[in-house]
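Here the structure is laid out as structure tokens; the discussion comes afterwards.
Read-outs: derived from the displayed coordinates by stated rules, not from any lab. These numbers were taken from a predicted model, which means no experiment stands behind them. Heads up, the Cβs are rebuilt from the backbone with ideal geometry, glycines too, and the neighbour counts pull from every protein chain shown.
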Amino acid sequence: MLEATREGFWGTRYSIGVDGHTVAEWRVPGWRTSGGIVVAGQFFPVETRLWSNRFTMFDRVGTTIAVAENVARRTWTGYADGRYHEFRRASFLSTTVLHVVGDREVGWLRRRSAWTGGIEAELPALSLLAQVFVVGAVITTWDQQAAAAG
């Protein structure tokens, strides 16, 4: 299982771990700062479009390798690992997001705590890099929604 934990109460970085071992870091993209993912010492920049809720991850030469669009909506799509993926909230007020292929639920992610911002996920149909990207996009979206709610 993948777990994301915020570094510090007001932190803009999350440690991503698998089975208790840190494997990646999510640096929250912001209005004036670039964000990204660090996996095995390699940085993958992530660009966000605040008003459209679109996240794009690039490799080191600038080629798009993953996209998540409309993450704030109940149903949204992502592109990673060479194919499209569908995600949907389990219910209207739920903080559980299901990864769906056809009519089958193949994975999920959910917020562990609104206070710590932690998330746990089981997304076996995605590569580790894609899992970190999806979790990071959802974390950032939920953090933005919480900040807007006051």
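In table form, for the structure just shown:
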{"item": "Total formal charge among the other residues, if their Cβ is under 13 angstrom from that of G20, Lys/Arg +1 and Asp/Glu -1", "result": "-3"}
{"item": "Contact order normalised by residue count of the chain, Cα under 8 Å, 6+ apart, percent", "result": "17 percent"}
{"item": "DSSP loop trypsin sites (Lys or Arg not before Pro) with at most 11 other Cβ within 10 Å: longest gap in the chain", "result": "61-150"}
{"item": "Net charge contributed by nearby residues that have their C-beta within less than 13 Å of A4 (K/R +1, D/E -1)", "result": "0"}
{"item": "Loop-located chymotrypsin sites (Phe, Trp or Tyr not before Pro) in region 55-150, at most 16 other Cβ atoms within 10 Å (DSSP)", "result": "F92, W115"}
{"item": "Gaussian network model of the chain, Cα within-10 Å springs - most flexible of H85, H21, H99", "result": "H21"}
{"item": "Selected from V138, V38, V18 as most flexible by GNM, with the chain as the system and alpha-carbon contacts under 10 Å", "result": "V18"}
{"item": "For G78, net neighbour charge (Lys/Arg +1, Asp/Glu -1) across residues whose Cβ lies under 9 Å away", "result": "-2"}
{"item": "For R54, distant residues with modelled amide H under 5 Å away", "result": "R49, N70"}
{"item": "Overall form of region 65-147 per C-alpha gyration tensor (a/c, 1.5; a/b vs b/c)", "result": "prolate"}
{"item": "Linear extension gain, Y84 paired with R112, 0.36 nm per residue minus alpha-carbon span", "result": "7.4 nm"}
